[in-house]
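Computed from the coordinates by the stated procedures, all read-outs in this text should not be read as laboratory data. Being a predicted model, the structure only gives us computed values, none of them experimental. All Cβ positions, glycine included, derive from the backbone under ideal geometry; neighbour counts span all protein chains shown.
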Amino acid sequence: MKSNLSYLDWIKVLPLIDAEYGMCLCPSCGSEGISYQYFGFPDDSFGWKLVWCRSCMSGVRISRTKIPENAESLRSDEEQQKFLNQHSGIQWVG
Ligand SMILES: [Zn+2]
């Protein structure tokens, strides 16, 4: 497992469409399948995209991301905090 990956190392390997995340190889450990979750704001189509690997628990947070219309997003402080509490083991890169 590579521990010295940068934000850019992650961005380079991420697919352009969400449907392909399941086939994407983790740039850190090589496992297949990258998870993601959108964080948004009320009444705004832009937000954050959290991207991480369930195997090695490393990932990146991408800001100013357009949230697709049909994507599930967490838009309240409570929902976002609950999610972060449930995923507190993730090491965020960059
Ligand atoms: Zn990994």
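Cα centroids of region 1-25 and region 46-94: how far apart, whole angstrom?
Comparing the Cα centres of region 1-25 and region 46-94, I get a distance of 14 Å.
Going by a ≥ b ≥ c, the root eigenvalues of the Cα gyration tensor, does region 7-92 fall in the rounded group (a/c under 1.5), the prolate group (a/b larger than b/c) or the oblate group?
On the way: a/c = 2.03, a/b = 1.38, b/c = 1.48.
Since a/c reaches 1.5 but b/c is at least a/b, the shape of region 7-92 is classed as oblate.
Applying 1/(1 + (r/R0)^6) with R0 = 25 Å to the Cβ-Cβ distance of LYS82 and TYR36, what FRET efficiency is obtained, to the nearest 0.05? Kindly include the intermediate steps, with their values, before the conclusion.
Numbers: r = 17 Å, r/R0 = 0.68.
FRET efficiency, LYS82 to TYR36: 0.90.
May I ask for the net charge around ALA71, where only other residues with Cβ less than 15 Å from the Cβ of ALA71 are counted and Lys, Arg are +1 while Asp, Glu are -1? Write out the running numbers ahead of the final one.
Numbers: positive: LYS49, LYS66, ARG75; negative: ASP18, GLU20, ASP44, GLU69, GLU72, GLU79.
Residues close to ALA71 contribute a combined charge of -3.
Using +1 at the C-beta of Lys and Arg and -1 at the C-beta of Asp and Glu, which of CYS24, ASN85, TRP48 has the Cα lying farthest in the positive direction of the dipole of the chain?
Final value for the positive-end residue is CYS24.
Hey, can you rank 36-44, 22-30, 52-60 by average C-beta count inside 10 Å, highest first? Mind dumping the intermediate values first?
Values: 36-44: 14.2, 22-30: 16.2, 52-60: 19.4.
Highest to lowest by the protection proxy: 52-60, 22-30, 36-44.
Tell me the mean residue ellipticity at 222 nm calculated for the chain from its helices only (DSSP H runs of n ≥ 4, each -39500 (n - 2.57), averaged over every residue, nearest 500). If you can, show how the numbers build up before the last one.
Details: 2 runs with 17 residues, N = 94.
Per the formula, -5000 deg cm²/dmol.
Stretch ARG61-ILE17 to full length: gain in nm at 0.36 nm per residue minus the Cα-Cα span?
Values: separation 44, 0.36 × 44 = 15.84 nm, distance 1.64 nm.
This chain segment gains 14.2 nm when fully extended.
Can you check what the net charge comes to around ILE90, using other residues whose Cβ is under 10 Å from the Cβ of ILE90 (Lys, Arg +1; Asp, Glu -1)? Each step should come with its number before you reach the end.
On the way: positive: ARG54, ARG61; negative: none.
Neighbourhood net charge equals +2.
To the nearest 10 degrees, how steeply does helix 77-86 sit against the main Cα axis of the chain, on a 0 to 90 scale?
The angle comes out near 20 degrees.
Around CYS26, with a cut-off of 13 angstrom between Cβ atoms, what is the net charge of the other residues, counting Lys and Arg +1 and Asp and Glu -1? List each step's numbers first, then the result.
Values: positive: LYS2, LYS12, ARG54; negative: ASP9, GLU32.
Neighbourhood net charge equals +1.
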